[in-house]
Structure formats: structure tokens, C-alpha cells
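First the structure, in the form of C-alpha cells, and then the observations on it.
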Amino acid sequence: MSIHPDCERVMLTEEQLRARVKEIALAVDEDYAGKRPLVVGILKGSIIFYADFIRFLSMPVELDFMAVSSYGSGAVSSGKLNIKKDLDRDVKGRDVIIVEDIIDSGFTLANLKALLYERGAASVKIVTLLNKAERREYEVAPDYNCFDIENEFVIGYGLDYNEQYRHLPYIGILKRSVYEK
Ligand code: PRP
């Protein structure tokens, strides 16, 4: 397989992703036996992980999506999440599984988790593909984490730089020359 020219190197291959996503999905499936959780994908970065993850589940699930952003990029957080697209389903009394591509500062998930509990969710758990623990500023931990990664600029398998590279089937490290020019 050829690697994208803007990619420094492949961090996680398609095979590694598939094997680990399956392992995590089976663990989730087992933990939720007898339940019917609402699986919430956070757009857009999680789409490919989400699609792969749910196909390993055998329990009955309902699917829903949210798109969120923080107010003002890079600014110190006001503690408020900007909801660009809200859920279609009511979370009251539901077991919610949030599916994310990456936890960085933790801002998004710390706020989202609090919001869903405020709305009456019975439980809220987090499944993430990638976890950059060293970047954490807000207290939140994934309940299921596929890979701990270093503080590298990662692209592919849903993750972007300027809306590019989301379609790459692997996780790669973006060349510095791309974002430093
Ligand atoms: C990314 C990612 C998380 C968030 C993590 O989304 O998907 O939602 O950032 O960062 P945090 O832990 O510092 O809050 P992004 O805003 O890049 O949008 P995208 O998913 O559409 O790429």
C-alpha cells in the first residue's frame, strides 16, 4: 500500500486498527449484555472508527450523532460546548456510549459527559480510538481506549488537518512541513 506523500510515517496500520477495534468492541458488547445502549458518534472525526466499531457489536444498539466545537479555537475555555448538531434521540434513562476518535485536552468529552448526565442519561461511557494523555487539561478518562499515543499530529481513519486526509485507511503522522508552512 502506498503512503500519502504528506505523511511522515504510518503510526497504525489498517490491520492493527481492525484488530484493536474488534477487541474493544467485543469487550463493550460483553459489558452491555442485556442492554440496549444509544451509541453516539461525535462528528466528524469518529465516523470511520464508529462504522467499524458498531459492526463488531452483536447487542441491539441505536445510533445517533452530535457535532460539537469549543467556542473560539485555541482560546481558554469558557466551559461551554458549542452544539452544532444535536442528538435526535432523548437520552433520558438511556445507557449512552460516546464514540470519539481522539481525546486531547479533554474539553469536549468532559463537557459532553456532563451535558448528557444533566439531560438524564442513566449512564455515559466513553469509547475512544486514540488517547493523548499527556495533553489532558480537563478531567476525563476513557472507559475504553484503543491506543495511547504520543503528542504527534495524527491524520487518517477519520482524523483531519484542514478537512484533509480523513479518508486514509491508516493513522499516519503528518509531516511538519505541511502545517508549518
Ligand atoms: C476533535 C476530536 C474531539 C476533540 C478532542 O474534534 O474529534 O472531538 O477534537 O479534543 P479535546 O479533547 O481537546 O476537546 P475536532 O474539533 O477536530 O472536529 P472533527 O471531529 O470534526 O475533526
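Coordinate-derived values only; no laboratory data. None of the values given here were measured: they were computed from a predicted structure. Please note: Cβ atoms are built from the backbone with ideal geometry, for glycine as well, and neighbour counts cover all protein chains shown.
Which whole-angstrom value gives the distance between the alpha carbon centres of region 122-155 and region 28-69?
16
Considering only Cα-Cα distances, which of the following residue pairs are longer than 18 Å: K44/K181; K22/K44; K84/K113; K35/K125?
Exceeds cut-off: K44/K181; K22/K44.
Taking K and R as +1 and D and E as -1, what net charge do the other residues with C-beta under 11 Å from the C-beta of D160 add up to?
Within the 11 Å Cβ shell, the charges total 0.
Where nothing but the Cβ of Lys and Arg (+1) and of Asp and Glu (-1) is charged, how large is the charge dipole of region 62-178 around its Cα centre, in debye to the nearest 20?
That gives a dipole near 220 debye.
Work out, step by step, the length gained on full extension between D31 and S69: first 0.36 nm times the residue separation, then minus their alpha carbon distance; give nm to one decimal.
Additional length available on full extension: 10.7 nm.
Treating the angle as unsigned and between 0 and 90°, give the value, to the nearest 10°, between the Cα long axis of helix 107-118 and the longest Cα principal axis of the chain.
That helix lies at roughly 10 degrees to the long axis.
Cross-link candidates for K80: which aspartates and glutamates have Cα within less than 16 Å, leaving aside residues fewer than 8 places away along the same chain?
Within the straight-line cut-off, K80 pairs with E118, E137, E139.
What three numbers, in Å, describe the spread of the alpha carbons of region 1-118 along their principal axes, ordered from the longest?
Extents along the principal axes: 45, 43, 20 Å.
For all pairs of alpha-carbon atoms in region 48-181, what percent lies in each bin of width 10 Å, listed from the first bin to the last filled one?
For region 48-181, the pair-distance distribution reads 11, 39, 38, 11, 1.
Please report the projected area of region 13-73's Cα convex hull averaged over all directions, in nm².
5.1
Contour minus end-to-end for R176 and Q164, with contour as 0.36 nm per residue of separation and end-to-end as the Cα-Cα distance?
Taking 0.36 nm per residue and subtracting the Cα distance, the gain is 2.8 nm.
Give me the aspartates and glutamates in straight-line cross-link reach of K175: C-alpha distance below 17 Å, same-chain residues under 8 apart excluded.
D6, E8, E150, E152, D160, E163
Where does each of 171-179, 103-111, 26-34 land if you order them by average Cβ count within 10 Å, highest first?
103-111, 171-179, 26-34
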